[in-house]
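This report refers to the structure that appears directly beneath it.
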Amino acid sequence: MNWEQIISPRIQDVPPSGIRKFFDMVSGVDDVISLGVGEPDFVTPWHINEASIYSLEQGSTMYTSNYGLLSLREEIAKFLYSKHELTYNPENEVLVTVGVSEALDLALRALLSEGDELLLPEPCYVSYEPSTVLAGGKVVRVKTSAQDNFKLRADDLKKAITDRSKVLVLCYPNNPTGATMDREDLLEISQIVEENDLIVLSDEIYGQLTYEGEYVSFASLPGMRKRTIVFNGFSKAYAMTGWRIGYAAAPKPIINAMMKIHQYTMLCAPIMSQKAALEALVNGDRERKKMFKAYNQRRRVIVQGLNDMGLDCFEPKGAFYAFPSIKKTGLSSEEFAQRLLEEAGVVVIPGNVFGESGEGFIRCSYASSLENITEALARMKSFVKKLV
Amino acid sequence: MNDDILELLESNSRLSPDKISTMLDIPQEKVEKVIKVLEEENVIVKYCTLIDWDKTERDIVYALIDVKVTPERGVGFDAVAKRIYKFSEVSSVFLMSGGYDLSVKIEGRSMREVALFVAEKLATIEHVQSTATHFILKTYKKDGIIFKKDKKLDERLVVSP
């Protein structure tokens, strides 16, 4: 069989993930400390696991509504109202999905027609581009820079807009940079969005991991609710990555369109994960705050450590990543990451896998124990010393 | 701020003032000063290490003794508690609500030693009405830390987006 001829060209055109390549390189190297992990090092708080186990014991093993359990959607609506004064009808404006990833894919497929352009500030999470391509859209990247603290600048956005521009993706706090956008920054963006009649996909998965300044949901800005899809989930704030549970909240017509795809592809998110998510929203704040506090403490340690060794690191105000510049070393991001792995046994992610403007930077996750971070920083320090 | 420093030290008493200063974004001199005051005020009583003795060769027996006491006029339970906690065999004493008054934890080399201590020293103290001895068979969790066989390995993928 000649699979290359059989497999759809659209899939063949999706480039291999840069992270995947690096993953293969890392496997096989012993005694590594990884700052390359994009998920919490905490285990899901026990009360959440326990609630899910209890639901299994009670026999909750069936399908739920396509939208998800109503009780969960009600809590999600309550959460969005209490945090951002956003009102969504849990009946038809909230959709529970298998992680934010699924929700994003649904939205892209529901929105994009062949050739529609999606504006993507970068560096950014690796799946927006392939998902857009798979949905038939075209990605137009908008670069951000360390000088601007990796915020999306209104002027740069304006320049990227064409008459095919349809969707803007915002993900703040940002993976990989840890950048946040405050209200003024977002207000500027919202004007351009309004003028150009864009739809905004606001990926707020790291919203609850905002350490400085308030977290502003894009939908809560004047006039933006009607043109914004809010995405959030439980993976990062509640350490629930493996549960694969997230949601989208948006006006009824687009949620309905997304639900149409969801009902045929996924049917519903797993009920045990939905029960766990419900417990997280109702009773999870205490544990969430503990983890938040620990991340914030580690954030300060890693940023200071990186700056001390001479790698300029702007202050990440959210998520759990530091994104220092390695330009001083004269190495490319990939060379730096590869040599750091081979010579010092520390895993970081080369910044260029998140987009061209990530070249010259590395992503260091501080979702790792303080001992690991301290040891990794010590190893990196002696590695960098050799280079500069 | 004091609580944050105490929380960090409670979870790891070896954290240096330098590190605490970074973690909490407080100047190092300030951290040192606060710790000194907390030590002087006996809020920080002692810096200890949590040890899983079951993993060592050493044989120690622990027992929790429920002690019923007739309180003394004027001094309540404190005087009896004092007579009890002065024994070096006693590792902790708590005043309890409920079915008995003092919970006493005792450490000994054998069950016999502990039992003899209770019979000869503890039960004979004036105002002690009765005792009930419960030997500790296994420690699952202590001071918020789960005692496991091995350190749990990080099961996460080494690299993820």
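Helix A:370-387 and the longest principal axis of the C-alpha atoms of chain A enclose an angle of approximately 50°. Separation of segment B:129-148 and segment B:1-57, taken as the distance between their Cα centroids, equals 26 angstrom. Annotation: lysines with alpha-carbon distance below 19 angstrom to B:Lys30 (same-chain offsets under eight excluded): B:Lys19.
Remark on A:Leu168: its backbone amide H falls under 5 Å from those of A:Leu119, A:Ile199, A:Val200, A:Leu201, a criterion applied only to residues 5 or more positions apart or on other chains, H modelled at 1.01 Å from N. Here segment A:20-82 and segment A:347-388 have alpha carbon centers that stand 26 Å from each other. Note that segment B:147-160 has calculated 3J(HN,Hα) couplings of 8, 10, 5, 10, 5, 6, 7, 6, 8, 6, 4, 5, 10, 8 Hz, one per residue in order, obtained from phi through the Karplus relation 6.51 cos²θ - 1.76 cosθ + 1.60 (θ = phi - 60°); glycine and proline are x. With a/c under 1.5 counting as rounded, go ahead and sort segment A:116-186 into rounded, prolate or oblate using the C-alpha gyration tensor (a ≥ b ≥ c being the square roots of the eigenvalues; past the cut-off, prolate if a/b is larger than b/c, else oblate). Cα axes put segment A:116-186 in the oblate bin.
Are any of the pairs A:Lys21/A:Lys385; A:Lys386/B:Lys149; A:Lys290/B:Lys141; A:Lys381/B:Lys141; A:Lys289/B:Lys148 more than 30 Å apart by Cα-Cα distance, and if so, which? Walk me through the intermediate numbers first.
Details: A:Lys21/A:Lys385 27 Å; A:Lys386/B:Lys149 40 Å; A:Lys290/B:Lys141 19 Å; A:Lys381/B:Lys141 37 Å; A:Lys289/B:Lys148 26 Å.
Pairs exceeding 30 Å: A:Lys386/B:Lys149; A:Lys381/B:Lys141.
Specify whether the C-alpha gyration tensor of the protein assembly as shown places it in the rounded, prolate or oblate class, a ≥ b ≥ c being the square roots of the eigenvalues: rounded for a/c under 1.5, otherwise prolate if a/b is larger than b/c and oblate if not.
Prolate, because a/c is 1.5 or more and a/b exceeds b/c.
Restricting attention to segment A:71-154, which GluC sites (Glu not before Pro) occupy a DSSP loop and are surrounded by at most 15 other Cβ atoms within 10 Å? Passing both the DSSP loop test and the Cβ count: A:Glu85, A:Glu91, A:Glu114.
Other residues within the sphere of radius under 13 Å centred on the Cβ of A:Asn256, judged by their own Cβ, net out at 0 (K and R +1, D and E -1). Among the chymotrypsin sites (Phe, Trp or Tyr not before Pro) within segment B:1-83, those in coil by DSSP and having at most 13 neighbouring Cβ atoms inside 10 Å are B:Tyr47. For chain B, the gyration tensor built on C-alpha atoms gives an oblate shape. Its axis ratio a/c (a ≥ b ≥ c) is at least 1.5, and a/b is not larger than b/c. Here the mean projected area of the convex hull built on the C-alpha positions of segment B:53-140 is 6.0 nm². Once the Cβ-Cβ distance of A:Glu184 and B:Lys148 is raised to the sixth power relative to R0 = 35 Å, the FRET efficiency obtained is 0.10.
Given Cα pairs under 8 Å that are at least 6 residues apart, what percent is the relative contact order of chain A? Write out the running numbers ahead of the final one.
Values: 736 pairs, mean separation 93.2, N = 388.
Taking the mean separation of contacting Cα pairs over the length of chain A, I get 24 percent.
Going from the residue with the fewest nearby Cβ atoms within 10 Å to the one with the most, A:Asp312, B:Asp54, A:Asp203, A:Asp41 rank B:Asp54, A:Asp312, A:Asp41, A:Asp203.
Say R0 is 60 Å: what FRET efficiency, to the nearest 0.05, do B:Glu57 and A:Met266 get from their beta-carbon distance?
Working: r = 56 Å, r/R0 = 0.93.
Rounded to the nearest 0.05, the efficiency is 0.60.
Per-residue Karplus couplings for segment A:214-226, computed as 6.51 cos²θ - 1.76 cosθ + 1.60 with θ equal to phi - 60°, are listed in order as 8, 8, 10, 7, 4, 5, 7, 6, x, x, 9, 4, 5 Hz, Gly and Pro entered as x. One way to sum up the overall shape of segment A:96-231 is the equivalent ellipsoid from its Cα gyration tensor, whose semi-axes run 20, 17, 15 Å, largest first.
Phi angles across segment A:279-295 convert, under the Karplus curve 6.51 cos²θ - 1.76 cosθ + 1.60 with θ = phi - 60°, into 3J(HN,Hα) values of 4, 4, 5, 7, 10, x, 5, 4, 5, 4, 5, 4, 5, 4, 4, 5, 4 Hz, Gly and Pro given as x. Restricting segment A:184-286 to chymotrypsin sites (Phe, Trp or Tyr not before Pro) that sit in a DSSP loop and have at most 10 other Cβ atoms within 10 Å of their own Cβ leaves nothing.
Values quoted throughout were computed directly from the atomic coordinates according to the rules given, and no laboratory measurement underlies them. Fair warning: this is a prediction, and the values are worked out from it, not measured in the lab. For neighbour counting, all protein chains shown are included, and Cβ atoms are generated from backbone atoms with ideal geometry for every residue, glycine included.
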